[in-house]
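Written below as structure tokens is the structure these notes are about.
Computed from the coordinates by the stated procedures, all read-outs in this text should not be read as laboratory data. Predicted model, so just to flag it, every value in this text is computed and none were measured. Cβ coordinates were reconstructed from backbone atoms using ideal geometry, including for glycine residues, and neighbour counts include every protein chain displayed.
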Amino acid sequence: MSNKGNILISILILILGVVFIYFFDGDQLPRSIVFLCGLAFAVPALVLLIATFFTGKSKHSAAYRGIQIVCGVGGLGLGACIILMPDIFRPLLLYPFAALLLIGGAFQVFLISHKQRPVDYPAWMYVIPILVMIAGVAMLCITPLRNAENERWAVLITGIAAVLYGINGILVTVQSRRLPPLHQAVSGKQVAEATVNTGDAMPAEISAPETGSVPEADNRPDADTGER
């Protein structure tokens, strides 16, 4: 991921975490999240159904169109249920929140530790993503957090973890510009000099003529020899 993309995503997650922290004690934020989840199922499903019925039948087989219809109807039905009955699905918000924390923390650990990383990041930068993953595991393992009355604490934990993730993501971009690069780029001039120093600058085909390529001397007697 480029530095611009990383810092943009980090800022967005930081803002989202601040929103979660600000509204964690209210009832409107969980309802809004459930409503958005319902839209995330319903809108793509509706688009899929429209595209299925308005696309030429010759482009796809009957089985493919049948699968599209089943997926579209299922997604539209699930989205409608989530939108119309949000209180039933509110306790399930804990699981996507915990999954996002686990995936986000693991991704940031990979970002600062993989072999092709631009710089050698300091060890303290691993602390925040590991804490984020621990928060995700805790949300899955602590049973009281699944109760409706403790829903606000799950939202608060998610918000704090998102803020920490965003701050650490911004620091990743800053450190990648301040620290010396881990992999030195080799220019074409350096490659040419190294080739000359090893004696491989001239290919074997050019340095030594091929066997039989030297024209033989003309041994025929000169036609003018002996003529006066």
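Observations, loosely collected:
- The length gained on full extension between CYS81 and LEU16, counted as 0.36 nm times the residue separation minus their Cα-Cα distance, comes to 20.8 nm.
- Positive minus negative residues near ARG31 (Lys, Arg vs Asp, Glu; Cβ under 12 Å): -2
- Proximal charge balance of TYR126 [Cβ under 13 Å; K/R count +1, D/E count -1]: 0
- Segment 51-151 - Rg over Rh from alpha carbon coordinates, Kirkwood radius: 1.21
- Rounded to whole numbers, the Karplus 3J(HN,Hα) couplings from phi for segment 76-91 are 5, x, 5, x, 5, 5, 5, 5, 7, 10, x, 5, 5, 9, 4, x Hz, using 6.51 cos²θ - 1.76 cosθ + 1.60 with θ = phi - 60°, and x at Gly and Pro.
- Pair VAL73, VAL119: separation of 7 Å Cα→Cβ label points (nm): 5.7 nm
- Comparing segment 3-178 with the 2.2 N^0.38 Å rule of thumb, its C-alpha radius of gyration ratio is 1.28 (two decimals).
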